[in-house]
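This report concerns only the one structure given below.
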Amino acid sequence: MISAAIAFASTMALLLGIAARALEKTANLYRLPRRGIWVLALLASWLVPVGMIVHANHVYDAIPIPVSAEGSPTSMVPVETHRIDEPRAATTLLPHWPRQARFDRTLTFAWGLASTTLLLTWGMAAFRLYSRARKWRAIRIDGTDVLIADDFGPAVFGYLRPRIVMPEWMPGQPSSIRMIALRHEQSHIETKDPLLLFMGLVLVFSAPWNIALWWQLRRLRFAIEADCDARVLRDGIAPVEYGEALLSISQRVVPAPLLTMAVTGPVSQLERRIRMMMVTPVRHRMALAALTLVIATSLVLTATALSAPVSPVSPAVSLVKPPPAAGRSGPAQTIVALVEARYPALLTHRSTGTPVVFALFNSDDTVERTDLEVFPGSADDFKSSKDQFERFGISPAAIGFVGRQGIRTPANTIIVIYAERQDRPDTSRLFPDLRAIDRALTERYFPQAFEHGVATGEGIWILFDHDGSVLRTGDESIQPTSLSRMLESRYPGIKVSAMTTTPVISANGYPVKNASGADLQLYSLWLAANSPLPGARPSLSAAEPADKEFAIDATDTDTRRVLEMIARKGHQNVLVSDRVGGKITVHLKDVTWQEALQIVARSKGLVTRQAGDITLVGVAH
């Protein structure tokens with residue numbers, strides 16, 4: 001999460017900084033003040049990402065997940081159900097922010113260390129400068145109170161209570177140079193420039209990793225000096241005279257300390273400031289200004305359209321997943337009854353293709369209209385969208401959520417595309433959004449899916465009881481059409497009543513990928529209401545021998561988690577001592593569970609022993 005937040009904030013700061021640079025060009029064309037642009041850019045680059053991240057996490061934490069255990073058995077098994085999300089207007093950009101959870105602690109420590117180091121450096125510089133300031137003497141030059149220092153100036157010293165500092169050679173300079181130096185520093189104090197610089201430093205020190213913020217602070221310092229030059233010139237001083245005075249002073253000054261604002265600054269910036277004073281009016285100024293405004297607006301809109309990273313698991317999200325037939329208004333039992341009542345022939349007569357039923361529901365869960373078509377291809381090839389409901393004379397904009405459910409019968413695999421009229425854009429009575437639950441379940445039981453992906457050729461499954469509580473989990477080679485039968489064989493006596501296949505969606509809206517780059521699917525299975533619970537130890541069929549070979553991939557993963565993965569893949573009872581800890585990286589192919597267990601144990605200095613059918617793993621004494 002920290003790495004994703006850093007990438008998100010840095011990207012937004014860069015976009016807003018470039019937008020501010022474009023606006024600065026416009027201000028320069030019309031000789032307008034520019035420091036306010038960079039003040040707003042710095043504040044926005046800090047506050048907007050923080051606000052968006054807080055808001056995004058709050059939104060995901062508040063997803064309501066209605067859970068009910070009601071349901072009725074049916075002869076038809078819902079084999080697939082998921083929500084269809086239509087592409088929205090271009091209001092949100094969803095980049096893949098890098099999220100390396102294992103580096104979060106290191107990044108947080110480095111962040112705190114960097115900020116602390118900068119603050120300490122700043123504090124030490126302030127202490128040294130204030131110690132030197134005790135030796136400066138106060139005098140009046142041309143009616144203005146100043147401090148005389150022997151080694152630097154002209155400058156403004158201090159942020160909250162600024163004072164003008166002049167070098168000891170300044171009183172002997174011509175009156176024109178003294179007047180220009182004094183007027184420049186007085187202008188800084190009158191417009192509270194030191195306070196603006198103090199604000200910028202605080203923001204940058206709080207996020208020292210954000211290179212774009214440092215660049216914005218540099219641009220703010222330059223804009224402050226350029227605006228001050230413009231104010232002094234408006235008092236009637238000729239640009240040539242003012243430029244010559246700056247050059248004369250720059251030849252004798254030394255670099256200003258951190259807590260000061262000098263009249264000249266770096267030579268490269270001084271040259272740019274002098275050139276700006278001499279610039280003649282630009283032709284086609286309005287066209288150039290319009291162009292820069294368009295560019296700045298586009299960049300700001302792009303920045304605010306970025307999707308903030310979200311913590312992958314919310315503690316408020318329940319890990320109870322209701323079965324597809326659960327709840328009075330749950331779509332599964334309503335749709336099964338709909339097909340039985342309106343299209344009974346689909347139950348017994350085989351179609352030449354894939355039957356697709358379209359159903360539009362009223363607000364009271366009654367069916368408003370239905371339609372049937374036969375798709376010539378397979379169910380997997382059929383694509384669903386809101387546009388298909390135009391057959392009922394309804395605009396896609398009037399459709400709320402759209403769901404898709406597959407039903408397997410002895411004769412056909414039927415697809416039902418159901419929808420409800422638009423009510424509230426963020427909720428659905430017919431199809432509660434279970435993506436947050438799927439994401440939380442995957443993070444809890446299969447964290448490797450988010451870290452380095454599930455191995456190619458393997459899938460993840462969860463077996464729930466009839467109420468939606470987790471009973472068993474697994475990540476192994478899966479044939480979806482035979483998964484129910486495999487589990488019923490592995491755990492004799494159980495009866496699976498329903499199965500769904502849903503893509504695991506990350507918190508930023510993108511599907512989680514497996515190791516091969518394909519969308520990761522979560523296979524959810526529920527026991528029938530009258531089914532016994534699976535036994536403590538699974539039964540191994542001839543197709544699943546105890547010495548079955550498998551692959552295991554884990555990068556910088558908790559050792560206890562790796563041992564748990566080995567136990568699940570080998571269908572063994574393994575008890576791990578609470579003294580076992582640390583992390584391990586394992587990449588093994590074609591090994592049995594015994595071989596994998598011994599490799600991990602030896603590499604971590606662990607010992608194993610057998611107690612009946614339980615393998616004990618502990619730390620060697």
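Divided by 2.2 N^0.38 Å, where N counts the residues, the Cα radius of gyration of the stretch 9-59 comes to 1.35.
Note on residue 367 and residue 603: the extension gain reaches 78.8 nm, defined as 0.36 nm multiplied by sequence separation minus the Cα-Cα distance. Ligands, DNA and RNA aside, residue 550 has an accessible area near 20 Å² when probed at 1.4 Å. Per residue, the convex hull spanned by the alpha carbons of the stretch 173-227 comes to 79 Å³. With each label modelled as a point 7 angstrom along the Cα→C-beta vector, the residue 238-residue 613 pair spans 10.3 nm. Counting heavy atoms of the protein chains alone, residue 55 has an accessible area of about 120 Å² for a 1.4 Å probe. Average accessible surface for the stretch 546-585: 45 Å² per residue, computed with a 1.4 Å probe over protein heavy atoms with every protein chain in place. Length gained on full extension, residue 481 to residue 495, computed as 0.36 nm times the residue gap minus the Cα-Cα distance: 3.5 nm. Largest accessible area first, the residues 192, 386, 548 order themselves as 192, 548, 386 under a 1.4 Å probe with ligands, DNA and RNA left out.
Model label points for residue 191 and residue 585, set 7 angstrom from Cα along the Cα-to-Cβ axis, are 5.4 nm apart.
The values are calculated or read from the model by the stated rules, or taken from the named source; none is laboratory data. Because the structure is predicted, anything quoted here is derived from the model rather than measured. We place every Cβ from the backbone using ideal geometry, glycine too, and count neighbours over all the protein chains shown. Side chains included, ligands, DNA and RNA excluded: accessible areas come from the protein's heavy atoms. Shrake-Rupley method; radii C 1.70, N 1.55, O 1.52, S 1.80 Å.
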